[in-house]
Amino acid sequence: MVTTLHTQLDLVRDYVNTFDLETGIDTIGTPDELALWLSEQGLVDDFVEPTEQEVEDARAVREAIRELLLTNNGVEADAGAASKTLEEAGRKARLGVRFEDGRPVLEPEDDGTRGAIGRIVATVAELAPSDEWKRLKTCRDEHCRVAFYDQSRNRSRAWCSMEVCGNREKARSFRQRHAAKTA
Ligand SMILES: [Zn+2]
């Protein structure tokens with residue numbers, strides 16, 4: 001079970017980062033890889049054998065969360081479609097509410113792969129009202145889109161790293177200004 005706030009934030013960040021846009025490497029791209037990842041995160045008790053459809057669902061949920069984190073970065077994204085994907089995954093996992101010492105927690109009835117994906121959706125649902133959630137973002141660079149936690153005081157960080165994506169953006173806007181001047 002995913003408990004502390006930081007573990008929850010890390011889980012969501014790591015999940016989004018299972019796909020590296022720049023290299024095209026997807027660490028949950030096959031049933032075996034997904035099973036391994038879910039088990040490493042402690043999201044399943046027993047070893048699961050995901051179907052191809054479940055792999056597809058897991059990837060759709062991941063990309064939906066990436067969209068939501070993009071809106072946290074002030075970028076317009078299709079939050080409506082993303083929400084629908086997460087709602088559907090919640091339904092498939094049969095997410096239900098349970099009370100733990102009076103505190104409501106979402107828990108999947110399904111104990112397989114769908115349930116594990118449901119736990120991630122539940123984590124997003126639990127985090128969403130918190131201030132920390134707004135700090136979880138995806139990089140503004142459209143070729144990068146890495147998820148990161150913005151620790152800046154005024155929550156203004158736009159790129160995963162100033163050295164790479166931040167500089168790339170600076171160079172781009174420099175070129176654009178320069179081109180505008182010489183045009
Ligand atoms: Zn980046």
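The values are calculated or read from the model by the stated rules, or taken from the named source; none is laboratory data. Not measured: the values here are computed from a predicted model. Neighbour counts are summed over all protein chains in view; Cβ atoms, including those assigned to glycine, are modelled from backbone coordinates with ideal geometry.
Considered as a group, the residues in region 50-62 that are touching a residue at least 40 places away in the same chain (Cβ under 8 Å) and not hydroxyl-bearing (Ser, Thr, Tyr) include one that is farthest from His143 (Cα to Cα), and that residue is Pro50. Please tell me if Thr18 is surrounded by fewer than 20 Cβ atoms within 10 Å (Cβ to Cβ) and at pLDDT below 95. Answer is no for this residue.
Being within 19 Å of Leu43 (Cβ to Cβ) and over 20 Å from the mean Cα position of the chain (by Cα) is the filter here, so list the residues in region 98-111 that pass it.
The answer is Arg98, Glu100, Glu109, Asp110, Asp111.
Of Ser83, Ser161, which residue is in contact with a Phe, Trp or Tyr (Cβ under 9 Å, 6 or more places away or on another chain), without any contact (Cβ under 8 Å) to a residue 24 or more places away in the chain and of a type outside the set (Lys, Arg)? Going through Ser83, Ser161 in turn, just one is in contact with a Phe, Trp or Tyr (Cβ under 9 Å, 6 or more places away or on another chain), without any contact (Cβ under 8 Å) to a residue 24 or more places away in the chain and of a type outside the set (Lys, Arg): Ser161.
Could you list all residues from region 51-76 that are outside any helix (DSSP H, G or I) and among the acidic types (Asp, Glu)? Glu76 - this is the single residue of region 51-76 that is outside any helix (DSSP H, G or I) and among the acidic types (Asp, Glu).
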